[in-house]
Amino acid sequence: MGYSGFRILKEGLFGQKGWKPVWRDPQPKPEYDIVIIGGGGHGLSTAYYLAKNHGLTNIAVLERGYIGGGNVGRNTTIVRANYFLPGNSEFYSHSLKLWEGLEQDLNYNVMHSQRGLINLFHSDGQRDAFARRGNAMINQGDDAVLLDREGVRKHLPYLDFDNTRFPIYGGLYHPRGGTARHDAVAWGYARGADSRGVDLIQNCEVTGIDIQGGKVTGVQTTRGPIRARKVAMVAAGRSGQVAAMAGMRLPVESHVLQAFVTEGLKPCIDHVVSFGMGHFYISQSDKGGLVFGGDLDFYSSYAARGNLPMKEHVMEAAMTLMPMIGKARVLRSWGGIMDMSPDGSPIIDKTDTEGLFVNCGWNYGGFKAVPASGYCLAHLIATGSPHDVAARFRLDRFRTGRGLMDEEGTGSQHNLH
Amino acid sequence: MRLTCPLCGERDRREFYYGGDAMALERPAPDAGDVAWNDYVHLRDNPAGATRDLWYHDGGCGTWLVVERDTLTHAIAKVTPASEVAR
Ligand SMILES: Cc1cc2nc3c(=O)[nH]c(=O)nc-3n(C[C@H](O)[C@H](O)[C@H](O)COP(=O)(O)OP(=O)(O)OC[C@H]3O[C@@H](n4cnc5c(N)ncnc54)[C@H](O)[C@@H]3O)c2cc1C
Ligand SMILES: [Zn+2]
């Protein structure tokens, strides 16, 4: 179905009755070549690139709820490539390049807005660390500009620069960073996969994974058994439960991360701003709401809603950084379940079971990874070997201690990221 | 969320520091090998439902506690001093 200004006008005149669903609602077939467990951003993009890049279309994506109901529709939509360590650098760089061509590729408006991201720093030591990170980004071929205090003031005049605890020394500016409309990303990939023949099956919870002689043979679901030659587990916050069906324990703990949005306001925050010392970040949605968040609640949870102490902490950080925000009214808050890995970096790998793949450990940064994660998992499933830019996302790195990617430098241990 | 410390009574979550899964109390022998140590340090059951984890009463009596709670509802079932649980 085509979208155009003319079409919107026409549908408006006829009561919006002409729009049709953009993907099918198929019955599950008894057998597929490939079954993907989880219809979030990563599962959908995996199906899309399997079809588009590798010509594989006998695929089902099984989703226990509805498309877009997981974290892909709950995040704060930041898209960036400002990583530091080999492994993450090339992967997120590749992802940002895919983002930059995504709307053309999907022929779908995902409202990708490269409005620029500024990470603030508040001491000489932090400036040095950010200069080093900026150099790593430039080495990777991405963009980074080290701003001094006056440089930040030009972009963000509304900040409190003279806060006595965290005076602003400057910021690392990533002009190609920004945001995208999260639901549209899920819908765009869903439409793209469906139109290439992939079956998207909603309200279909996987309840078991069938393994015979060390080889995966299919899955059990609430809509009956489905045979498959290859199965990919792409369940984000629920990765632990899904992997348990295959007798696996993962290096993952699930934690709740909260987010907040205010009433719609006129444009006032033009960038994505992050205030790491206060555990706070913010951007303004195209609808006008200020979208912001902070850190994890910091204890394992599947509740998808958070506690008051973290809400209080986030509000305090907001007031510290930009006192003007005190005039805005918070409309709502919500939480999502994060698959936290010990080193804070993800996993895209085979498992010990032949034909069974795992994609997890996205922590709080998996939205920007949606294009490259699907691209690389599709490559792994189709060719049997990892894609170059995801070659370090190994499942066994924790056991061997080789190739850990601890961006924050806090130690490769649970509950530290 | 509130935890009832056996020594101090019912207190706000802000007073406690979270110490992760209570399997931390079952430390393998130093020479147990990398599989056992990987299990201990990295791999988790990560249950959606009943769990046992460690909390430190930072803003109170300074006792490590084993808390039995539900990760889906945040309901607390039982709080025991870790010294009574660990052998
Ligand atoms: C508040 C918040 C803010 C965030 N902000 C950002 C940000 O600014 N930038 C960024 O890059 N990332 C951000 N993230 C992280 C990002 O949203 C996630 O890392 C990412 O969406 C996870 O991948 P996904 O989209 O595939 O997950 P999901 O959308 O959660 O997909 C997983 C799917 O698997 C399904 N599933 C689970 N179990 C089963 C089963 N047994 N059978 C069938 N289906 C199953 C679930 O229903 C779900 O739909 C944020 C997350 C949260 C919660
Ligand atoms: Zn106490």
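Quick note: the coordinates plus some simple rules give every number you see, no bench work behind them. Values in this document were obtained by computation on a predicted structure and should not be read as measured data. Ideal geometry is used to build each Cβ from the backbone, glycine not excepted, and the neighbour counts take in all protein chains shown.
Would you mind ranking A:VAL358, B:VAL66, A:VAL145, A:VAL234 by Cβ crowding within 10 Å, fewest neighbours first?
Ascending Cβ contact count within 10 Å gives the list A:VAL145, B:VAL66, A:VAL358, A:VAL234.
When Cβ neighbours within 10 Å are restricted to other protein chains, what is their mean count per residue of peptide A:300-311?
5
Please report, in debye to the nearest 20, how large the charge dipole of region A:296-417 is about its Cα centre when each Lys and Arg carries +1 at its beta carbon and each Asp and Glu carries -1 there.
420 debye
With chain A treated as a Gaussian network of Cα nodes joined by springs under 10 Å, which of A:ASP199, A:ASP148, A:ASP349 yields the largest mean-square fluctuation?
A:ASP148
Summing +1 for each Lys or Arg and -1 for each Asp or Glu, what net charge is found among the other residues whose Cβ lies under 14 Å from the Cβ of A:ASN109?
Charge balance in the 14 Å sphere: -1.
So what's the projected area for the protein assembly as shown, the Cα convex hull averaged over all directions, in nm²?
Across all orientations, the protein assembly as shown yields a mean hull projection of 25.6 nm².
Which whole-angstrom value gives the distance between the alpha carbon centres of region B:8-32 and region A:115-183?
Between the Cα centre of region B:8-32 and that of region A:115-183, the gap is 37 Å.
Could you work out the local net charge near A:ASP406, counting Lys and Arg as +1, Asp and Glu as -1, over the other residues with Cβ closer than 11 Å to its Cβ?
-2
Given an 8 Å cut-off on Cα distances and at least 6 residues of separation, report the relative contact order of region B:2-84 as a percent.
Across region B:2-84, relative contact order equals 30 percent.
What does the charge count near A:ARG24 come to, summing +1 for each Lys or Arg and -1 for each Asp or Glu among other residues with Cβ under 13 Å from its Cβ?
Neighbourhood net charge equals +1.
Work out the length of the dipole vector of chain A about its Cα centre, built from +1 on the beta-carbon of each Lys and Arg and -1 on the beta-carbon of each Asp and Glu, and round it to the nearest 20 debye.
900 debye
Identify which of A:LYS266, A:LYS215, A:LYS350 has the largest mean-square fluctuation in a Gaussian network model of chain A, with springs joining Cα atoms closer than 10 Å.
Of A:LYS266, A:LYS215, A:LYS350, the most mobile in the Gaussian network model is A:LYS266.
Per-residue mean of other chain beta-carbon atoms within 10 angstrom of the beta-carbon, peptide A:236-242?
What the average comes to for A:236-242 is 2.
Say the dipole of chain A comes from +1 at the beta carbon of Lys and Arg and -1 at that of Asp and Glu; which of A:LEU96, A:ALA382, A:HIS255 then lies farthest toward its positive end?
Sorting the options by dipole projection puts first A:ALA382.
Quick one: among A:THR383, A:THR207, A:THR320, which has the greatest mean-square fluctuation in a GNM of chain A with alpha-carbon springs under 10 angstrom?
Judging by the Gaussian network model, the answer is A:THR383.
For region A:307-351, evaluate the Debye formula with one uniform point scatterer on each Cα (no solvent term) and list log10 I(q)/I(0) at q = 0.16, 0.17, 0.18, 0.21 Å⁻¹, rounded to two decimals.
-0.66, -0.70, -0.74, -0.84
Tell me, what is the percent relative contact order of chain A, built from C-alpha pairs under 8 Å that lie six or more residues apart?
22 percent
Quick check: residue separation of A:ASN53 and A:GLU354 times 0.36 nm, minus the Cα distance between them. What number comes out in nm?
That pair, A:ASN53 and A:GLU354, stretches by 106.1 nm at full extension.
When you look at the Cβ of every residue in B:37-43, what mean number of other chain Cβ atoms sits within 10 Å?
Mean partner shielding for this stretch: 6.
Starting from the 7 Å offset along Cα-to-Cβ, what nm value, one decimal, do you get for the label separation of A:GLU103 and B:ASP34?
4.8 nm
Picking from A:ILE118, A:LEU9, A:VAL330, whose Cα lies most toward the positive end of the charge dipole for chain A (charges on Cβ: Lys, Arg +1; Asp, Glu -1)?
A:LEU9
Could you give the nm distance between label points at A:ASP270 and A:GLU205, where each point is 7 Å from its Cα heading toward the beta carbon?
About 4.8 nm, to one decimal.
In 5 Å bins starting at 0, how do the alpha-carbon pair distances of region A:97-207 split up by percent?
Per 5 Å bin, starting at zero, the Cα-Cα P(r) for region A:97-207 comes out as 2, 10, 15, 14, 13, 11, 10, 8, 7, 6, 3, 0 percent.
Under a Cβ-only charge scheme (Lys and Arg +1, Asp and Glu -1), can you give me the dipole magnitude of region B:2-84 about the Cα centre, in debye to the nearest 20?
Dipole of region B:2-84, to the nearest 20 debye: 340 debye.
Calculate the spin-label point distance for A:THR222 paired with A:SER113, positioning each point 7 Å from the Cα along the beta-carbon direction, and give it in nanometres.
Roughly 3.5 nm, to one decimal.
Can you list the trypsin sites (Lys or Arg not before Pro) in region A:238-304 that are in a DSSP coil and have 14 or fewer other beta carbons within 10 angstrom?
Those satisfying the criteria are A:LYS287.
Of A:LYS97/A:LYS350; A:LYS266/A:LYS287; A:LYS20/A:LYS52; A:LYS97/A:LYS266, which ones are farther than 19 Å apart at the Cα?
In this structure, A:LYS97/A:LYS350; A:LYS20/A:LYS52; A:LYS97/A:LYS266 exceed 19 Å between Cα atoms.
What number results when the radius of gyration of region B:2-84, computed over Cα atoms, is divided by 2.2 N^0.38 Å?
Expressed relative to 2.2 N^0.38 Å, the Cα Rg reads 1.18.
How big is the Kirkwood radius of region A:170-323, worked out from every pair of different alpha carbons and given in Å to one decimal?
19.2 Å
Determine, from the Cβ-Cβ distance of A:ALA129 and A:ARG165 and an R0 of 22 Å, the FRET efficiency 1/(1 + (r/R0)^6), rounded to the nearest 0.05.
Taking R0 as 22 Å, the efficiency between A:ALA129 and A:ARG165 is 0.70.
Suppose we keep just the DSSP beta bridges with both residues in chain A; what percent of those would be antiparallel, to 5?
Here the antiparallel bridges make up roughly 70 percent for chain A.
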